[in-house]
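The values are calculated or read from the model by the stated rules, or taken from the named source; none is laboratory data. The shown structure was predicted, so the numbers you read here are calculated from the model rather than taken from an experiment. Glycine also receives a Cβ, built like all others from the backbone with ideal geometry; neighbour counts cover every protein chain displayed.
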Amino acid sequence: MLLSPFSRLSGRKLANYSTNPLKFVPKCSEASERDVDALRQFIRDSKQILVLTGAGISTESGIPDYRSEEVGLYARTNHKPIQHQEFLRHPHIRRRYWARNFVGWDAFRQRQPNPVHYSIRNLELDLNKVSRVVTQNVDNLHYKAGSRNVVELHGSGYRVICLNCRRLYDRDRIQEELRESNPHMPEAITMIRPDGDVDIPQEAVEGFRPPSCGSCDHPLKPDIVFFGDNVPKERVQAVRDAVTSSDALLVLGTSLSVFSSYRIVLQGVEEKKKIAMVNIGKTRGDGVVDLKIAARCGDVLPKIC
């Protein structure tokens with residue numbers, strides 16, 4: 001009898017994904033009272049703060065990042081994120097991506113905001129301190145927490161776009177269509193990735209039917225800026241305008257390794273904005289910001305707001 005690639009998994013859904021929300025947060029020291037007081041004063045003195053967030057705030061919701069020591073995806077696997085040109089050029093790459101994304105979607109969409117997201121929401125709506133939230137994350141957690149004025153710098157995993165006619169689809173709708181066209185595929189959770197896909201056996205990918213546009217029948221892609229792609233110009237300009245109209249930048253949970261985020265800080269420096277940063281590890285902006293706190297964002301922000 002031939003066994004399914006997932007025969008070792010029982011049932012259609014199997015969540016062996018960790019229930020420990022801090023599993024993917026690297027080891028770090030607690031923030032000192034002095035650090036917390038310094039950030040509290042920074043926020044008190046600012047009127048229009050642009051908040052820039054990265055994967056380091058979503059790790060506290062159980063979504064791993066790529067680069068953290070020991071617990072980041074690069075440290076635990078040999079995984080390389082999907083490249084934009086590969087997705088465009090090769091049908092087998094698209095099939096593999098969509099198969100993995102299908103299997104991991106339910107766990108990804110079940111991730112919930114943590115106290116950092118709610119603290120940012122409070123800064124925006126209750127204290128009227130935040131002019132714009134710019135996030136590198138594609139996980140929708142800022143919206144789930146209630147933030148309103150959000151720019152998703154790298155897009156959203158909750159939207160899907162046609163590569164030809166640019167029609168947009170809701171990701172949950174695509175999941176239902178994929179479920180119907182791929183009844184052999186269990187939705188089993190192994191190790192979720194920052195963009196929502198997971199590891200599955202290669203033989204499970206071969207028979208997978210990826211989605212296509214209902215209008216023009218061309219391939220679909222998550223509305224995410226993959227590695228090697230560029231942030232849309234209008235989005236870049238919107239962020240530039242937001243930096244200019246702010247009087248301060250608060251950078252949370254990002255190493256600024258990706259230039260699309262690093263240039264936001266560089267613009268802030270050039271325009272002489274006050275800049276505070278909270279991140280566990282080193283960042284590209286350590287030498288240019290006014291305040292750097294090396295700690296977990298969830299150990300700092302909730303104490304203030």
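The rows are residues; the columns are (1) surrounded by fewer than 21 Cβ atoms within 10 Å (Cβ to Cβ); (2) under 18 Å from the mean Cα position of the chain (by Cα).
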residue: 251; (1), (2): no, yes
residue: 257; (1), (2): yes, yes
residue: 261; (1), (2): no, yes
residue: 265; (1), (2): no, no
residue: 271; (1), (2): yes, no
residue: 275; (1), (2): no, no
residue: 280; (1), (2): no, yes
residue: 283; (1), (2): no, yes
residue: 294; (1), (2): yes, no
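Of the residues 223, 299, the single one that is closer than 17 Å to residue 137 by Cα, crowded, with 19+ Cβ neighbours inside 10 Å and among the charged types (D, E, K, R) is 223.
Here is a yes/no grid of residues against (1) of a type outside the set (D, E, K, R); (2) assigned to a loop (DSSP other than H, G, I, E, B); (3) modelled with pLDDT of 95 or more:
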| residue | (1), (2), (3) |
| --- | --- |
| 10 | yes, yes, no |
| 21 | yes, yes, no |
| 25 | yes, yes, no |
| 31 | yes, yes, no |
| 34 | no, no, yes |
| 38 | yes, no, yes |
| 42 | yes, no, yes |
| 50 | yes, no, yes |
| 56 | yes, no, no |
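I'm checking my understanding of the structure. Among residues of region 94-130 that are modelled with pLDDT of 95 or more and among the β-branched types (Val, Ile, Thr), which one is farthest from residue 44 (Cα to Cα)? Per the criteria, the residue is 116. Of the residues 236, 205, the single one that is among the hydrophobic types (A, V, I, L, M, F, W, C) and either modelled with pLDDT of 95 or more or within 21 Å of the chain's Cα centre (by Cα) (or both) is 236. Of all residue pairs spaced 6 or more apart or on separate chains, those with beta-carbon atoms under 6 Å, a first member in region 201-212 that is over 11 Å from residue 97 (Cα atoms) and a second member that is modelled with pLDDT under 70 are 201/5; 203/5; 204/5. For residue 244, state whether it is at pLDDT 95 or above, buried (at least 21 other Cβ atoms within 10 Å of the Cβ) and either hydrophobic (A, V, I, L, M, F, W, C) or farther than 12 Å from residue 288 by Cα (or both). When the stated conditions are applied, residue 244 does not pass them. Taken over region 151-168, the criterion of being crowded, with 20+ Cβ neighbours inside 10 Å, in a strand (DSSP E or B) and out of contact with any Lys or Arg (no Cβ under 7 Å at 6 or more places or on another chain) is satisfied by 152, 155, 162. Against the conditions (1) modelled with pLDDT of 95 or more; (2) more than 21 Å from the chain's Cα centre (by Cα); (3) not aromatic (Phe, Trp, Tyr), residue 186 satisfies every one except (1). Filtering region 119-147 to residues that are over 14 Å from the mean Cα position of the chain (by Cα), part of a helix (DSSP H, G or I) and buried (at least 18 other Cβ atoms within 10 Å of the Cβ) leaves 119, 120, 121, 122, 123, 124, 145.
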